Amino acid sequence: MPRKGILKGVRRIVVKIGTSLITEDGKISRRCIERLVGDIAALIDQKYQVVVVTSGAISAGSGALGKKRENLSLPEKQAMAAVGQSILMDEYRKCFRKHGREIGQILLTEDDVKHRRRFLNARHTFNALIEMGVVPVVNENDSVAVKEIRFGDNDTLSAHVANIVEAGLLIILSDVEGFYRDLADELPLEEIGVIDDDVRRRAGGAGSTHGTGGMATKIRAAEIIMKSGELMLIANGRKSGVRPAILRGEKLGTLFRGGNSHMQSRKRWIAFNMKSSGSITIDGGAVNAIVSSKKSLLASGVTGVTGKFNPGDAVDVLNENGDTVGKGISNYSAAELSLIKGKKTRDIRGLLGGTYYEEVINRDDMIIYDVP
């Protein structure tokens, strides 16, 4: 299918802007931001809903204070982010106001997407801003985030934002034309439908001096987007008119194309924001029931339990070969499930007493993966 047809149904877009695109000589450049904002404003004028994920807060702060980013400790980088956030947002605000648009700043940490209530609160805020015609501008909350609650790079952040707002397309703007299969290639690949070990290996390498994201982080972002059934595109953000040209269907950059099945919002949250606390091994009949027949997982199909988890925790679901076939929220603790594994539903009451569930994992609380 021509790219124009693939992108036809896209209405909500997340645009991620890398640090290298908005800095000159280590400082934030209004000229660069104005060029990018002009393209984004053109998309909004065409009735697209756009969310911006921007890097650059640390560079903005270090540039303002005359510090070299590469020499900063973690607390100093957090301090630079605190200084730079207001500088960065002020530049975006001035540039968008030239096009009659106001912006709203949203700062996120990984913790904000792990917890269901905060995830939904973030979604409500995004939707309210978009409904009011305000452009959400997002960055990681670097001034307070520590290792345990950091996304670590804004490519990953942008993929999570795309899932929060249920965007049909994530555009990652970089200083390269797209994804190259080989360094000797003159042109990037036009489209990637499957991310395999070869693609991951060729994506190795770090980002620029002023950024944290190389091609490897972009590929990780693509995996999140593709598993959600949506689209991601890596393109050169240094060229004017790239964003509108992409939506016209011109073959710019590399398009990462997910499957035809669009993952529901709750299942996206389970897939990408809940960390598994253990695993459940199931027999072939149970695999067929949850994969082909789209049934809930019952205790009768469980053959093994690994890890320590409580009711409400996420667990991986494995087949008897050890392949991960799914992930879901368990209704039982590991200890309870060890008692009732392989048992029929009618026998569970006698083992656990009056409080029990028909399913180990309800279908609505489970996602299924493609297994080779």
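The values are calculated or read from the model by the stated rules, or taken from the named source; none is laboratory data. Since the model is a prediction, treat every value here as computed from it, not as a measurement. In this analysis, Cβ positions are derived from the backbone assuming ideal geometry, glycine residues included, and neighbour counts consider all displayed protein chains. What goes into the accessible areas is simple: the full protein's heavy atoms, side chains included, and nothing from ligands, DNA or RNA. Shrake-Rupley method; radii C 1.70, N 1.55, O 1.52, S 1.80 Å.
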Practice task
Provide a single number: the residues in the range 244-258 that are outside any helix (DSSP H, G or I) and either under 20 Å from Tyr180 (Cβ atoms) or within 16 Å of the chain's Cα centre (by Cα) (or both).
Solution key: 9
Fill in the blank from the handout: Counting only residues that are modelled with pLDDT of 95 or more, more than 18 Å from the chain's Cα centre (by Cα) and buried (at least 17 other Cβ atoms within 10 Å of the Cβ), the range 107-146 contains a total of 3
Practice task
Just give me the residues in the range 221-243 being assigned to a loop (DSSP other than H, G, I, E, B), of a type outside the set (Lys, Arg) and open to solvent by 10 Å² or more (accessible area, probe 1.4 Å), in sequence order.
Solution key: Glu230, Ser240, Gly241
Exercise for the section: Among what's in the range 287-299 and is over 26 Å from the mean Cα position of the chain (by Cα) and surrounded by fewer than 21 Cβ atoms within 10 Å (Cβ to Cβ), pick the residue that is farthest from Lys343 (Cα to Cα). Expected result: Ser292
Exercise for the section: Among residues belonging to the range 254-286 that are over 21 Å from Leu339 (Cβ atoms) and charged (D, E, K, R), point out the one that is modelled with the highest pLDDT. Expected result: Arg257
Handout entry: Positions within the range 307-326 being within 12 Å of Ile282 (Cα to Cα) and in contact with a strand residue (DSSP E or B) (Cβ under 9 Å, 6 or more places away or on another chain), in sequence order
Key = Asp316, Val317, Leu318, Asn319, Glu320, Gly322, Thr324, Val325, Gly326
Practice task
Among the residues of the range 75-98, count how many are at pLDDT below 90 and of a type outside the set (Gly, Ala, Ser).
Solution key: 5
Exercise for the section: Go through the residues of the range 50-59 one by one and say whether even a single one is at pLDDT below 95, hydrophobic (A, V, I, L, M, F, W, C), buried (at least 16 other Cβ atoms within 10 Å of the Cβ) and in contact with a helix residue (DSSP H, G or I) (Cβ under 8 Å, 6 or more places away or on another chain). Expected result: yes
Problem - Those residues of the range 313-372 which are modelled with pLDDT under 90 and among the aromatic types (Phe, Trp, Tyr), in sequence order - result: Tyr356, Tyr357, Tyr369
Exercise for the section: Would you mention how many residues in the range 18-46 are buried (at least 20 other Cβ atoms within 10 Å of the Cβ) and not in a helix (DSSP H, G or I)? Expected result: 4
Problem - Hits in the range 77-122 - residues which are in contact (Cβ under 8 Å) with a residue 60 or more places away in the chain, within 16 Å of Thr54 (Cβ to Cβ) and not in a helix (DSSP H, G or I) - result: Arg101
Problem - All positions within the range 47-76 that are without any contact (Cβ under 8 Å) to a residue 60 or more places away in the chain and in a helix (DSSP H, G or I) - result: Ala60, Gly61, Ser62, Gly63, Ala64, Leu65, Asn71, Leu74, Pro75, Glu76
